[in-house]
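Since the structure comes first, as structure tokens, the remarks are kept for the end.
The values are calculated or read from the model by the stated rules, or taken from the named source; none is laboratory data. This one's a predicted model, so the numbers in the text were calculated from it and none came from an experiment. Cβ placement follows ideal geometry from the backbone for every residue including glycine, while neighbour counts extend to all protein chains displayed. Calculation scope for accessible area: heavy atoms of the full protein, side chains included, ligands and nucleic acids excluded. Shrake-Rupley method; radii C 1.70, N 1.55, O 1.52, S 1.80 Å.
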Amino acid sequence: METSRSEYSNGIPSRKLIPKPNEPSAKEPELQTVESRNWLLHRHFTRKEFGICKILIQEELERTRGKHEYANYIQGLILRQEGKIQESLDCFQMCHSLDLKNVDYIKQVARSLFLMGLHSLALEAYLEAQQASKVPDWDIYHNLGECWICLGDYTKAKESLRQAVQLGHHEHSYVALADTYKMEGEIQAAIDIYKAALEAAPDSAQLATSLGLLYLQEGKYQHALEKLGGALARDPQCARALLAAGAMMQNHSDYDVALSKYKIAAQSWPESPALWNNVGMCFYGKKKYVAALSCLKRAHYLSALDWDILFNLGLVHMATQQYASAFHFLSAATNLRPAHAGTFLLLAITLRHLDDPDNAAEAFKQAGLLSPMDASIPLNYAVFLESQGDLDGAALQLERFQELAQMSPRLSSELVQTATQLSKVLNRRLMSSNGSKVEGVDGNDKSNMAIEVEAQVRVRNPPVDSSPESLPRNHMADDEV
């Protein structure tokens with residue numbers, strides 16, 4: 001039998017001379033597609049395994065010389081979540097350069113511009129995305145409304161947000177539209193928006209809470225309590241609803257129930273300045289001043305420039321007769337809110353106790369100018385003038401108080417009692433040239449403290465016996481949104 005030379009290799013017969021007819025031929029190498037590992041990137045990103053994502057992204061970008069769309073896209077999302085907005089913008093712009101017609105890339109570019117505060121550029125990008133989109137997109141209209149709000153054009157903002165609501169019925173669009181009406185002072189329109197939102201999302205505790213807060217702001221306490229109760233029924237751990245419900249209890253001097261609400265809210269919202277502010281004022285109402293100061297100091301640490309907290313700190317330090325500390329916090333509150341009459345009133349009383357009658361008198365005058373209809377200001381001023389020996393000035397301020405009292409028939413008993421005592425003292429001193437200072441005049445401190453204790457439980461409710469400027473400030477839950 002003859003064999004060809006090709007059957008041998010170095011004199012050794014080849015093992016495989018003739019291929020079998022059923023054996024497959026050698027497989028040609030396949031080129032790996034660019035998108036072959038997109039599924040793996042997506043899986044790790046949705047699992048928030050960003051470390052593995054970054055390794056895969058680096059490999060894909062090196063393999064494609066930076067031209068991998070999905071890798072750039074995922075990298076931009078990760079960088080944005082890490083707070084690196086400029087770097088994320090560069091990634092999304094690279095994606096957009098690779099696919100100019102992709103609406104998602106334009107939307108992500110616009111979002112990064114919005115987060116950087118470049119609202120005009122973000123608006124232009126969203127308008128470009130709107131033109132490129134083949135179907136109406138509620139997300140684009142929603143973000144257009146957000147841009148118009150930041151640019152101050154509320155009319156166009158409401159138009160865009162209405163369109164977003166009609167297209168998507170998403171909770172965020174309802175909330176943004178209601179907030180726009182609130183900024184324009186149209187509270188009833190905002191209430192109507194929240195009602196429509198609750199019809200679209202009846203299980204939303206946040207919407208029910210926001211509606212309850214609006215009712216509370218309008219003085220409709222029964223409706224507010226119903227909505228807040230409904231929100232807590234849907235989500236017993238809803239911190240905003242617990243804070244608002246606790247504020248209502250605190251408003252009615254039910255401090256123990258309010259503290260129980262705040263205790264639950266603190267489990268999910270421990271870093272809330274409003275929460276610790278209200279807890280501190282609960283302890284103040286229970287005359288536990290050390291605990292009140294501790295809570296208010298924590299609130300002040302969390303929000304050092306919150307004038308409400310500074311005001312309350314000054315109030316509690318006055319109650320503990322720490323007038324130098326009270327002056328420190330009240331001065332800071334005055335600088336932050338120079339048009340608040342109540343701060344000047346407390347500052348005047350503090351300066352009186354610090355033996356600074358000249359500045360105290362100026363503070364009383366400023367408080368009277370800022371709130372001329374507040375009956376407590378002329379009464380406190382009259383007590384101060386009487387203690388300084390200015391009987392004519394005290395009588396004039398007392399007469400001013402009596403005029404305001406006739407306009408406010410529901411004046412508190414503490415104010416009326418103090419005015420009666422002061423009137424008797426003035427009459428005695430005017431009738432007796434040798435009359436000494438009557439001990440009852442020291443009722444100034446008691447009167448002020450009684451007014452302050454009563455006022456602090458009225459959480460943002462308009463009082464009937466004094467103006468809102470004289471109230472200790474208690475935050476509501478909507479300040480934390």
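Relative to one another, the C-alpha centroids of segment 363-414 and segment 216-286 are positioned 34 Å apart. Residue by residue, segment 106-112 carries 3J(HN,Hα) couplings of 5, 5, 5, 4, 5, 5, 5 Hz when phi is fed to the Karplus relation 6.51 cos²θ - 1.76 cosθ + 1.60 (θ = phi - 60°); x denotes Gly or Pro. Packing, as the average of other Cβ atoms within 10 Å across residues, places the peptides 121-128, 254-261 in the order 121-128, 254-261, highest first.
Would you mind getting the accessible area per residue of segment 93-233, heavy atoms of the protein chains only, 1.4 Å probe, in Å²? Value returned for segment 93-233: 48 Å² of accessible area per residue. Length available on full extension from Asp90 to Leu118: 0.36 nm per residue minus the Cα-Cα distance, which gives 8.6 nm. Here the calculated FRET efficiency for Asp392 and Arg337, from their Cβ-Cβ distance with R0 = 45 Å, stands at 0.85, rounded to the nearest 0.05.
For Ala201 and Lys220, calculate 0.36 nm times their separation in residues minus their Cα-Cα distance, and state this gained length in nm to one decimal. The partial results should precede the final answer.
Details: separation 19, 0.36 × 19 = 6.84 nm, distance 2.28 nm.
Result: 4.6 nm gained on full extension.
Ligands, DNA and RNA aside, Asp308 has an accessible area near 10 Å² when probed at 1.4 Å.
Seen from Leu121, the other residues with C-beta closer than 12 Å to its C-beta sum to a net charge of -1, counting Lys and Arg as +1 and Asp and Glu as -1.
Using 0.36 nm times the number of residues separating Ser36 and Glu362, minus their current alpha carbon distance, what extension gain do you get? Before the final figure, lay out each step's value.
Details: separation 326, 0.36 × 326 = 117.36 nm, distance 7.70 nm.
Length gained, Ser36 through Glu362: 109.7 nm.
Note on Ile52 and Ala291: their simple-model spin labels are 5.0 nm apart, each label 7 Å out from Cα toward Cβ.
Add +1 for every Lys or Arg and -1 for every Asp or Glu among the other residues with Cβ under 10 Å from the Cβ of Pro378, and state the total. Charge balance near Pro378 sits at -2.
Segment 39-87 and segment 89-135 have Cα centres separated by 18 Å. In the context of the full protein assembly, Trp138 retains an accessible surface of approximately 70 Å², using a probe radius of 1.4 Å and ignoring ligands and nucleic acids.
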